[in-house]
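Working notes, structure below.
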Amino acid sequence: MPTKKHAQFITAVQEAADQPLNQDVLLSLVGYNCRRSYLKIIPPFEKRLNKFDLRVVDFSVLSLLKANPNITQKRLSKAISVSPPNLANLLDRLEERGLILRQRNPLDKRSQTLLLTPEGMRMCAKAETTAIDLETEATAMLSAPEREQLLRLLQKVFLPADDAEQAG
């Protein structure tokens, strides 16, 4: 037979199980909300990118090169926050697949510029369509103005002030 203390504990556990979780502190944190949103969007995005044999970072590189042909590796590294050695490995893989080209920078022979091959352009276009479709599905509960506001606010957190003003 359970003791009175044990019975009280069982009752307390049952009451706790019946209550909704109090997440007030966590839900007041930007990082927590970003992470939860990330976890809702990224796994299906990764799954959809798998059909192209791309990772999220590969997609980011292709999309940036499509929009910014002939940028330097250094500038790309800074834009996606990937260290130069890690970026070099990533670029090696994309180059081996025939998706990008590296060329000597005519303004600085010590650096290289990057651009997509025709195959890289086709792959990027398909992957961008996939990303846009997923984002549309993942944010279907938001109105268009709400989605735009969410993007502006998030960019305000991570973009330098000048870039954030241009993006918004």
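Please state the charge dipole magnitude for the chain, taken about the Cα centre, from unit charges on C-beta atoms (+1 on K and R, -1 on D and E), reported in debye and rounded to the nearest 20. Each step should come with its number before you reach the end.
Working: 24 positive and 20 negative charges, 114 e Å.
Its charge dipole is roughly 540 debye.
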Requested in this report: For the range 34-126, run through the trypsin sites (Lys or Arg not before Pro) and keep only the ones in DSSP coil with at most 14 other Cβ atoms within 10 Å of their Cβ.
Outcome: LYS51, ARG55
Requested in this report: Pull out a ≥ b ≥ c, the square roots of the eigenvalues of the alpha-carbon gyration tensor of the range 28-71, then state rounded if a/c is under 1.5, prolate if not and a/b is larger than b/c, and oblate in the remaining case.
Outcome: oblate
Query - Positive-pole candidate from ALA144, THR113, GLN8, dipole of the chain, charges at beta carbon - result: THR113
Query raised in the report: With the other protein chains left in place, how much accessible area per residue, in square angstrom, belongs to the chain at a 1.4 angstrom probe?
Result: 73
Query raised in the report: Of SER143, SER111, which has the most accessible area and how do the rest follow, probe 1.4 Å?
Result: SER143, SER111
Report task. Specify the residue with the greatest mean-square fluctuation among ALA125, ALA138, ALA17, computed from a Gaussian network of the chain linking alpha-carbon atoms under 10 Å apart. Result -> ALA17
Report summary line: Computed about the Cα centre, the charge dipole of the range 1-84 from +1 Lys/Arg and -1 Asp/Glu charges at the Cβ has a magnitude in debye, to the nearest 20, of 400
Report summary line: Taking every C-alpha to C-alpha distance in the chain and binning by 10 Å from 0, the per-bin percentages run 8, 26, 29, 16, 8, 7, 4, 1, 0
Query - Cβ-derived FRET efficiency at R0 35 Å, ALA88 paired with VAL25, nearest 0.05 - result: 0.25
Report task. Determine the gain in length on full extension of the stretch SER111-LEU150; use 0.36 nm per residue of separation and subtract their C-alpha separation, reporting nm with one decimal. Result -> 10.4 nm
Report task. Could you look at the chain and say what percent of its accessible area is carbon and sulfur, using a 1.4 Å probe and all protein chains? Result -> 57
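The values are calculated or read from the model by the stated rules, or taken from the named source; none is laboratory data. Nothing here was measured: the structure is a model prediction, and the numbers come from that model. Counting neighbours? That spans all protein chains shown, and the Cβs are built from the backbone with ideal geometry, glycine included. Note: areas computed on protein heavy atoms with side chains; ligands, DNA, RNA excluded. Shrake-Rupley method; radii C 1.70, N 1.55, O 1.52, S 1.80 Å.
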